Amino acid sequence: MKKIGKAIFAGCIVLLLIPASCTLNKSSLPDRLLDNQQISVTVSPEAARSDCDTLVITCIDYRFAIANQEFANDTLGLRDNYDHISIPGSIYNLVNPETRPLLFSKFALSVSMHLINHVVVVSHRDCGAYGGSVTFGSEIAEYETLTADLKMARELFLEKYPTLKVDLFLESLVKEGDETKVHFEKIL
Ligand SMILES: [Zn+2]
């Protein structure tokens with residue numbers, strides 16, 4: 001009983017410490033909008049128009065956020081020429097019949113407002129929407145499921161929009177020495 005009492009006591013301390021440390025971290029962040037200072041970012045003349053060609057769909061996962069932007073802007077050359085839908089699970093939402101109408105409704109908005117003719121779908125390994133890599137049991141099983149879902153997503157897009165160009169990519173976090181990099185693989 002004494003051991004149980006100590007465990008409960010230790011648990012209470014941990015619970016008390018977690019909110020305290022979160023508050024501390026937040027309050028130590030600099031306030032970048034101090035005194036309602038106005039922030040402005042210059043937009044390139046290329047972006048000041050009424051439509052764009054491409055829609056990029058990615059997962060929200062923060063680990064891939066910067067890599068996704070660099071990939072779209074620089075590798076694919078889409079800077080200032082794409083809409084971006086970032087949604088947990090990326091294409092999982094299109095493959096899943098329950099959430100498919102939601103993604104298609106947002107996609108239809110992008111098509112009608114910006115005359116989209118090209119979709120880039122990026123899915124990634126170890127995605128929380130699938131339950132992470134452990135769900136699949138092996139790297140090969142994960143690869144096969146994710147690539148099959150990407151291809152199914154392309155079929156679904158082409159059923160609705162037959163003239164659309166659809167490019168598929170699978171991204172992974174890869175250790176290279178001391179660095180972690182994001183690798184993109186084009187899925188045909
Ligand atoms: Zn994800």
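Read-outs: derived from the displayed coordinates by stated rules, not from any lab. Values in this document were obtained by computation on a predicted structure and should not be read as measured data. Glycine also receives a Cβ, built like all others from the backbone with ideal geometry; neighbour counts cover every protein chain displayed.
Extension gain, residue 134 to residue 175: 0.36 nm times the residue separation minus the Cα-Cα distance gives 12.9 nm. Counted by Cβ distance under 13 Å from residue 54, the other residues give a net charge of -3, where Lys and Arg count +1 and Asp and Glu count -1.
A cut-off under 15 angstrom between Cβ atoms defines the neighbours of residue 168, and their net charge, with Lys, Arg +1 and Asp, Glu -1, is -1. Taking the charge dipole of the stretch 99-188 about its Cα centre, with +1 at Lys and Arg Cβ atoms and -1 at Asp and Glu Cβ atoms, the residue from 128, 157, 145 reaching farthest to the positive side is 157. Panel order for 116, 140, by other beta carbons found within 10 Å of each beta carbon, from fewest to most: 140, 116.
Among 126, 74, 61, a tally of other beta-carbon atoms within 10 Å of each Cβ gives an order, fewest to most, of 74, 126, 61.
When each of the peptides 160-167, 178-185, 80-87, 107-114 is scored by the mean number of other C-beta atoms lying within 10 Å of its residues, the order from highest to lowest reads 80-87, 107-114, 160-167, 178-185.
The count of lysine pairs in the stretch 48-187 with alpha-carbon distances below 22 Å, taking only pairs 8 or more places apart or on different chains, stands at 8.
With a cut-off of 10 Å between beta carbons, the residues surrounding residue 134 carry a summed charge of -2, where Lys and Arg count +1 and Asp and Glu -1.
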